Amino acid sequence: MNFDDFSKRISKIKNLPLPGVDSHYKMAPDIRIEELRNIEKTLKNARKAAVMSLFYPRKEETTLLLILRKTYKGVHSNQIGFPGGKAEKFDEDLLHTALRETHEEVGVPPEQVEVIKSLTELYIPPSNFEVQPYIGLYKNPSPFILQEREVAALVEVSLRDFMDDHAVFNENLTTSYAENVEVPAFKLNGYTVWGATAMMLSEVKELLKQVL
C-alpha cells in the first residue's frame with residue numbers, strides 16, 4: 001500500500017479499542033498462555049521496557065521496521081524484534097523509552113516519529129520484562145544508522161507481506177522454556193518471528209485489519 005494512503009487510514013485506529021491479550025494469545029504456544037495467566041505476583045517485580053512498531057515509506061510503499069539482534073549471552077540473542085529496550089531512571093515515561101531506544105538502535109530522531117497509539121503491555125517471563133509497545137509513523141525517513149553493539153541487521157518488511165495470512169504458520173522450536181514445542185510464528189523476509197515480538201505483531205495486525 002502507498003504510504004500516503006496508509007498514513008491517512010492508520011489515524012483511524014486511535015479511537016479503536018485494543019484487541020488486547022486475546023490477540024497476543026493467537027501467537028503464543030499453549031505452555032506460554034498458561035504461564036501468562038498466572039503471572040500476577042511476578043509482575044510486581046518485572047522490569048519495564050518499551051518498543052516501537054514503526055511504519056515508514058520505502059520506495060513509496062508502506063514498510064514495517066524490525067531488527068535482528070546480535071548474538072549475545074541472553075534469552076533474546078539473535079532474534080527478530082522491534083527497536084526498543086529497557087526503561088532507564090532518566091526516562092520521563094515509557095514513550096520516552098521507546099523513542100530514545102529507537103533513536104539509539106536505528107538512528108530515528110524522536111521528534112520525527114508520529115506516535116499513533118500505545119498498545120497492550122506484554123509480560124515476557126524468560127527475561128522478566130513487561131513491555132509497552134507503541135505504533136508510530138516515520139514519514140520522512142533518513143538512512144537508518146545501526147547501533148553496531150546490539151543490532152546485526154535491519155529487517156524491512158512490506159505491509160503487504162506482513163498482512164498476508166499465509167505468513168503465519170506453526171514451527172517446532174526449542175525455546176528458553178521448552179524443547180521441541182510447537183510455536184505459532186510469522187515468516188517475514190525469510191526470518192521466523194515468534195515469541196513476544198510475534199504476539200505484539202498480532203495485535204498490530206488486528207488493528208490494521210480494521211482500517212485498511
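The values are calculated or read from the model by the stated rules, or taken from the named source; none is laboratory data. Every value quoted in this text rests on a predicted model; they were computed, and no experiment measured them. Every residue, glycine as well, gets a Cβ built from its backbone with ideal geometry; the counts of neighbours run over all protein chains shown. Side chains are part of the model used for accessible areas, which takes the heavy atoms of the whole protein and leaves out ligands, DNA and RNA. Shrake-Rupley method; radii C 1.70, N 1.55, O 1.52, S 1.80 Å.
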Expressed as a percent, the accessible surface of segment 5-66 that is carbon or sulfur, using a 1.4 Å probe and the full set of protein chains, is 45 percent
Could you give the length gained on full extension between D165 and Q112, defined as 0.36 nm per residue of separation minus the Cα-Cα distance, in nm? 16.0 nm
Scanning the chain for trypsin sites (Lys or Arg not before Pro) in DSSP loops with at most 12 other Cβ atoms within 10 Å, what's the longest stretch left with none? 150-212
Please go through segment 106-193 and write out the GluC sites (Glu not before Pro) that DSSP classes as loop and that have at most 10 other C-beta atoms within 10 Å. E148, E179
If the cut-off is a Cα-Cα distance under 15 Å, which aspartates and glutamates reach K89, setting aside same-chain residues fewer than 8 apart in sequence? E101
From the helices alone, meaning DSSP H stretches of at least four residues, give me the mean residue ellipticity at 222 nm for the chain, per-run term -39500 (n - 2.57), in deg cm²/dmol to the nearest 500. -7500 deg cm²/dmol
Simple spin-label model, 7 Å along Cα-to-Cβ: N45 to E60 in nm? 5.6 nm
Between beta-carbons, use under 14 Å as the cut-off and find the net charge around V151, counting Lys and Arg +1, Asp and Glu -1. -3
If you add up the charges near Y25, with Lys and Arg at +1 and Asp and Glu at -1, over every other residue whose beta carbon is less than 13 angstrom from its beta carbon, what do you get? -3
List the equivalent ellipsoid semi-axes of segment 135-212 in whole Å, largest first, each obtained as the square root of 5λ for an eigenvalue λ of the Cα gyration tensor. 24, 19, 11
Starting at 0 and stepping by 10 Å, how many percent of the alpha carbon pairs of segment 55-212 end up in each bin? 10, 39, 40, 11, 0
Multiply the residue gap between E156 and Q210 by 0.36 nm, knock off their C-alpha separation, and tell me the result in nm, one decimal place. 17.2 nm
Hey, got the dipole for segment 80-145? About the Cα centre, +1 on K and R Cβ, -1 on D and E Cβ, debye to the nearest 20? 180 debye
GluC sites (Glu not before Pro) within segment 1-69: DSSP coil, no more than 15 neighbouring Cβ in 10 Å: E60
Got a sec? Charge dipole of the chain, +1 on Cβ for Lys and Arg, -1 for Asp and Glu; which of L122, A153, V193 is way out at the positive end? L122
Taking segment 125-212, which chymotrypsin sites (Phe, Trp or Tyr not before Pro) meet the DSSP loop condition and have no more than 14 other C-beta atoms within 10 Å? Y177
For segment 108-151, accessible area per residue (1.4 Å probe, heavy atoms of protein chains only), Å²: 46 Å²
Just list whichever of K86/K117; K139/K205; K86/K209; K12/K48 have alpha carbons separated by over 26 Å in the model shown. K86/K209; K12/K48
Label-point gap, in nm, between I145 and M1 - each point 7 angstrom along Cα→Cβ: 3.2 nm
Pairwise label distance in nanometres, K70 with K14, each label 7 Å out on the Cα-Cβ vector: 3.9 nm
